[in-house]
Amino acid sequence: MFKALSGLNLPLPALTQVQSDYLQQATELWNQSLQRLQSPANDAKANGVAIGDRRFAGQAWMENPAAAFTAQMYLLNARTLLQLADEVKGDEKTRARIRFAVQQWIEAASPANYLALNPEAQRKALETKGESIGKGLQHLLQDIQQGHVSQTDESVFEVGRNVATTEGSVVFENELFQLIEYKPLTAKVHETPMLFVPPCINKFYILDLQPENSLIRYTVEQGHRLFVISWRNADDSVAQLTWDDYIEEGSIRAMRVVQEITGSETMNTLGFCIGGTILATTLAVLAARGEKPAASMTLLTTFLDFRETGVLDLFIDEASVQMREMTIGAASPQEGGLLKGGELASTFSFLRPNDLVWNYVVGNYLKGETPPPFDLLYWNSDSTNLPGPMFCWYLRNTYLENNLVEPGRLTVCGEALDLGLVDTPAYIYASKEDHIVPWDGAYRNTQVLKGPKRFVLGASGHIAGVINPPAKKKRSHWIGATAATPAKAQAWFDKAGEHAGSWWPDWATWLKGHAGKLIAAPKSIGNRNHKPIEPAPGRYVKQKA
């Protein structure tokens, strides 16, 4: 770190130009403020000023000359600081870290975040005779007790009651996961069953929020016999589990149970985010053993090649990974520990601090407002713990060293890992505005996998792009003009065509081609050896971090 920082410099000409621009703009702002003060005091429109930032869009900001000037100076200071950060010369990763740190400081320093500087919050306090401040303090105390900033009214939701309600049963469980089989919604189902591998860093019900936006329900409605892994929210009893455990006793075990229940040797598979990384690793391990149980593989916003990982790369270097290994990894004094879910959730929230942090600080605490119910944000706050050794292996061999795509570099479950052995047909989906898995990084999966591939790019971000049901008729998606997947993502995009609405129907059509003939739907869930244990969504998903 010292070496990286010592190599930084800010060229004098650039600094001089930034200073000159700053003084000029600050002078203009001051003169404009004086002119507004001299205009008729009884003319609110004359005194008002449009600031051009939604944090300061309220009438109270525009009508208060001091508040408007404070907001405008803050925005000028913010632009200047970012310009200075951009002018710093040094290695790219250190420069990106500086810019990220400056951006975090800027967002935290907004005058909207402080009661003494926020005229909207002050006006509400006066109108409610202080009640808004009292409610804000109550919200603050509640959030301190629960360990995170409330992004929605969490009291409205309950897993299994009004989220994750698609009917099914848990048919298998071990210390790592429960396997849910969903009740068919059609008289006939495709003979090839389907297995979803959701991310283990979140809970699976992002795929089953409400009936109208549930990818799980949509898949069942298309006539697929669907099984879904519900990962356990790790506690101290599993704090020593490794990546190999998640492969062997997680996804491989789930595939064995699906085979035992359905009698089908093959299944269609889907992995979301890190669930896709786990799924591809699983299929490579089984391929090394001479087994190919996947009739197809769908990867949703998934990295296999971690060469360029976007903003998350800022948090990862040799020192940070070693620190994790020494504190919660297999080499730690306790031979393991837990990565707390709240830590991961905070990291992801601060990737979008205005939208996911400070927006709620202002609303919840300064104005005393209860955030409106929103199922997606309820899920977002329902964090999960991870076993330290598993997490450390993942950090080092993916984000830090990118070993997963190097044939034979890694040994997983006793097998030399080669993703090139995975030649099953693959449907690869990415989201265009994804800040967690940038779409060009997900596109590289087309160069890693050797079988037939279909790449589809959806609009919006990591979650909203995926959870985009057709009935909503929202957003759009891009499909290649041909089946070709050139080496460069931009080359593919240049020839792709944009289509209105959800990507789900395109996926459903593709999946149907790999699902086999239609047969009578099973009359019951599970079988003699795997009887229903409890109704879906099961108890693992209800365990809080």
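Normalised per residue, the accessible area of the chain is 44 Å², obtained with a 1.4 Å probe and no contribution from ligands, DNA or RNA. Our Cα-only numbers for the range 261-364 put the radius of gyration and Dmax at 18.8, 57 Å.
In loop segments of the range 229-307 as defined by DSSP, the trypsin sites (Lys or Arg not before Pro) with at most 12 further C-beta atoms inside 10 Å of their C-beta are Arg289, Arg307. In this entry, the range 52-94 is assigned a mean projected area of 3.7 nm², taken as a quarter of its C-alpha convex hull surface. To put it simply, the accessible area of the range 71-153 at a 1.4 Å probe is 60 percent carbon and sulfur. Stokes-Einstein diffusion of the range 477-521 at 20 °C, 1.002 mPa s viscosity, Kirkwood radius from Cα pairs, rounded to a whole number: 171 µm²/s.
By the gyration tensor of its Cα atoms, with a ≥ b ≥ c the square roots of the eigenvalues, what is the shape of the range 133-290: rounded for a/c under 1.5, prolate for a/b over b/c, or oblate? Oblate is the answer for the range 133-290, as a/c is 1.5 or above yet b/c matches or exceeds a/b.
Apply the a/c threshold of 1.5 to the C-alpha gyration tensor of the range 370-489 and tell me whether it is rounded, prolate or oblate. The shape class here is oblate. Roughly speaking, what is the centre-to-centre gap between the range 113-160 and the range 476-545 when only Cα atoms are used, to the nearest Å? A separation of 39 Å, based on Cα centres. Kirkwood analysis of the Cα pair distances in the range 324-434 returns a hydrodynamic radius of 17.6 Å. Here the accessible area of the range 284-347 is 54 percent carbon and sulfur, with a 1.4 angstrom probe and all protein chains present.
For the listed residue pairs Lys340/Lys542; Lys450/Lys488; Lys453/Lys495; Lys203/Lys488, the alpha carbons are over 25 angstrom apart in Lys203/Lys488. Can you bin the chain into rounded, prolate or oblate? Criterion: square roots of the alpha carbon gyration tensor eigenvalues sorted a ≥ b ≥ c, rounded for a/c under 1.5, prolate for a/b above b/c, oblate for the rest. Prolate. Helix content alone sets the calculated 222 nm mean residue ellipticity of the chain: runs of n ≥ 4 DSSP H residues at -39500 (n - 2.57) each, divided across all residues, give -10500 deg cm²/dmol. Computed on the range 459-545, the Cα convex hull volume stands at 229 Å³ per residue.
Computed over the range 307-366, the percent of Cα pairs more than 16 Å apart is 62. Taking packing as the residue-averaged number of other Cβ atoms within 10 angstrom, the listed peptides 223-231, 432-440, 16-24 run from highest to lowest as 223-231, 432-440, 16-24. Remark on the range 356-406: Rg and Dmax equal 18.0, 53 Å (Cα only).
The values are calculated or read from the model by the stated rules, or taken from the named source; none is laboratory data. Here the structure is a predicted model, which means the values were calculated and not measured. No Cβ is skipped: glycine too gets one built from the backbone with ideal geometry, and neighbour counts run over all protein chains shown. What goes into the accessible areas is simple: the full protein's heavy atoms, side chains included, and nothing from ligands, DNA or RNA. Shrake-Rupley method; radii C 1.70, N 1.55, O 1.52, S 1.80 Å.
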